[in-house]
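Read through the structure below, which is laid out as structure tokens, and then see the notes.
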Amino acid sequence: MLKGAVNRRRATEKDLPRDEKTLRSLLDPSRLPRHVAVIMDGNGRWAVKRGLPRSVGHRAGADSLREIVHLCAELGIGVLSAYAFSTENWRRPSEEVNFLMNLFVEYAGREVGELKRNGIRTRVIGRVDGLPPEVLDAVRMLEEETREGTRLVLNLAVNYGARWEIVDAVRAIAGEVQAGKLEPEEIDEAVIGTHLYTAGLPDPDLRIRPAAEFRVSNFLLWQLAYTEFYITPVLWPDFGRVDFLQALVSYQRRERRFGGVNR
Ligand code: FPP
């Protein structure tokens, strides 16, 4: 088979086992991704297929997120980033935007206790200042209450856009240059990395996108430089432990070269 065809097949993997026990036996715990990023796509389609309002799909999507968060903590994955609301999502009908904002507040209030008990430090990445006050309060509460967690970092991307993230980093760096704290020649990849919302975290090793979407969609553009992509037709509300474990097994079957050659 041509190499390109092998890689395309690997991006969707149809031949993976479907039971948790077998999948777990295939996993090498010493080679788990340190950081997994997910785009929670397909909530609307999931609801429409059932003749339900899109909001029901988002609510079911929040349940999937909960399951995957706790699985990551259980497996020992260090960081999970989940795309909850993009800077482009404001273009959706106002009822849907309001529903998603309220859902975040509800999610924060309902999940905070368990996140804290499980050692899951929750951070929100994005332009949080652009969020409605009650959402901003929920963000601050979640971050404050869970800040002692050391088992898993959960990054929720809310009002997030990767291009805006880069703009914000460039503005901050330009400010430091203007203030005489930094020389232009000192700006390198590490300096940019420390000015992104994800400063201090490893780049994602694996990015999962459900609902058979092949786009990047303005999510972690800088950080995805060497990330492995896994795409599945499963819609996010149907995405569960088995689907996540399949993505991990697929990831571990790949050979990562980071632009070099493996001999
Ligand atoms: C994309 O699916 C999904 C979103 C824009 C929202 C994702 C939000 C959640 C899963 C809610 C849970 C998160 C928190 C933190 C409360 P889509 O609506 O574009 O689906 P479609 O492509 O099928 O229309």
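The values are calculated or read from the model by the stated rules, or taken from the named source; none is laboratory data. Owing to the predicted nature of the structure, the values given are computational and were not obtained by experimental measurement. With ideal geometry, Cβ positions are generated from the backbone for all residues, glycine too; neighbour counts draw on all protein chains shown. What goes into the accessible areas is simple: the full protein's heavy atoms, side chains included, and nothing from ligands, DNA or RNA. Shrake-Rupley method; radii C 1.70, N 1.55, O 1.52, S 1.80 Å.
Quick look at the numbers
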{"item": "From Leu103, Leu71, Leu75, Leu80, residue being crowded, with 17+ Cβ neighbours inside 10 Å and touching a strand residue (DSSP E or B) at 6+ places or on another chain (Cβ under 7 Å)", "result": "Leu80"}
{"item": "Residue in region 203-224 that is more than 25 Å from Leu52 (Cα to Cα), away from the ligand (no atom under 16 Å from the Cβ) and among the small types (Gly, Ala, Ser) present", "result": "no"}
{"item": "Residue ID - farthest from Gly161 (Cα to Cα), chosen from residues in region 225-263 that are of a type in the set (A, V, I, L, M) and within 16 Å of the ligand (Cβ to nearest atom)", "result": "Val234"}
{"item": "Every residue from region 90-131 that is in contact with a Phe, Trp or Tyr (Cβ under 8 Å, 6 or more places away or on another chain) and among the aromatic types (Phe, Trp, Tyr)", "result": "Phe104"}
{"item": "Any hit, region 136-150, residues being polar (S, T, N, Q), under 27 Å from Ser55 (Cα atoms) and either within 16 Å of the chain's Cα centre (by Cα) or open to solvent by 50 Å² or more (accessible area, probe 1.4 Å) (or both)", "result": "no"}
